[in-house]
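The values are calculated or read from the model by the stated rules, or taken from the named source; none is laboratory data. Values in this document were obtained by computation on a predicted structure and should not be read as measured data. Note: ideal-geometry Cβ built from the backbone for every residue, glycine included; neighbour counts use all protein chains shown. Heavy atoms of the whole protein, side chains included, go into the accessibility calculation; ligands, DNA and RNA do not. Shrake-Rupley method; radii C 1.70, N 1.55, O 1.52, S 1.80 Å.
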Amino acid sequence: MVAGIAHEEQVQDRRPSLVDDAYAALKEAIRESIFPPGYQASAQELALRLGMSRTPVHEASLKLQEEGLVRIVPKRGIVICALAPDDIREIYEVIIAIEASAAQRLAGLTAPERAIVCDELATATDRMAEALARGDHGEWGRADEAYHQLLVERCGNGRFVRIMQTVKDQLHRARMLTLKLRTRLPASVDEHRAVIAAIRAGDGEAAHAAARRHRLNTSDELLPLLENFGLKHL
């Protein structure tokens, strides 16, 4: 009897880990478009492709549905949600407001605190420049995401972080699907450095303006691209 209880406890201990593993694997596959927008499959099919069992994948998909990345259709399976240009426009409206305010807050930190954050942001930006020189779009996109995540996480506003969590995976997917179409990648690196310089100098207004201008420029490039290439869904 005792052995049976111990076995049951071990199974319960392992279960959250299996679901977490399935969640992480499925989310990464969606972010990197291994499972592209509109892709539909059963939990069993997804589990087979991920090399996992069905139950954790099904439970992970419930969480991903809450985040807007998948839709569970009864008797039809799991559908990877697509993003329309209007979705991306709304996402950019959110991140423009949040990141501009985050940059302004960072500029208000003490000089030693600003130096630490700026060094982190500069490291991510240098990774972008190096990846661009190699023609490595995947690494460029990951470094770009790291920069923007740091910008928000280090500003000290927990609500900013939570709001960004709801859109960052969708934004990353749009970023990775359109990178090769975009021509302003070198300009993005320069714009990141302008934001860093304003934060390092403690100039809140300049930091706000530089961060806002950067995201507006990206939005102004990306949205017409979607229309010109007829990309109605990402």
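Give the aspartates and glutamates whose C-alpha is closer than 16 Å to that of K63, dropping any in the same chain fewer than 8 places away, or say none. Hits, sequence-local ones excluded: D20, D21, E28, D169.
Tell me, what is the FRET efficiency for A84 and E45 to the nearest 0.05, using R0 = 30 angstrom and their Cβ-Cβ distance as r?
The computed FRET efficiency comes out at 0.70.
Here A97 and R182 are evaluated by their C-beta separation; at R0 = 22 Å the FRET efficiency comes out at 0.45.
Considering only alpha-carbon pairs that sit under 8 angstrom and 6 or more positions apart, the relative contact order computed for segment 85-231 is 42 percent. Put a plus charge on the Cβ of each Lys and Arg, a minus charge on the Cβ of each Asp and Glu, and nothing anywhere else: the dipole of the chain about its Cα centre is then about 440 debye. Once R0 is set to 35 Å, what does the formula 1/(1 + (r/R0)^6) return for the Cβ-Cβ distance between A115 and E139, expressed as a FRET efficiency to the nearest 0.05? E between A115 and E139, to the nearest 0.05, is 0.85. Length gained on full extension, A24 to R159: 46.3 nm, using 0.36 nm per residue less the C-alpha separation.
The share of accessible area on the chain that comes from carbon and sulfur is 53 percent, using a 1.4 angstrom probe. Axis of helix 85-107 versus longest Cα principal axis of the chain: the two differ by about 60°, to the nearest ten degrees.
Could you tell me the ratio Rg/Rh of segment 85-231? Both radii from Cα atoms, Rh via Kirkwood. My calculation of the ratio gives 0.95.
The stretch between R213 and L225, if pulled fully straight at 0.36 nm per residue, gains 2.5 nm over its current Cα-Cα span.
Springs between Cα atoms under 10 Å define the GNM used for the chain, and in it the highest mean-square fluctuation of S61, S101, S17 occurs at S17.
Averaged per residue, what accessible area in Å² does the chain show with a 1.4 Å probe, protein chains only?
Value returned for the chain: 51 Å² of accessible area per residue.
What do you get for the angle between helix 54-66 and the principal long axis of the chain? Use alpha-carbon atoms, 0 to 90 degrees, nearest ten. So the helix axis and the longest Cα principal axis differ by about 40 degrees.
Between the Cα long axis of helix 111-134 and the first principal axis of the chain there is an angle of about 80°, rounded to the nearest 10. In a fully extended conformation the segment linking D190 and E32 would gain 54.3 nm over its present Cα-Cα distance, using 0.36 nm per residue.
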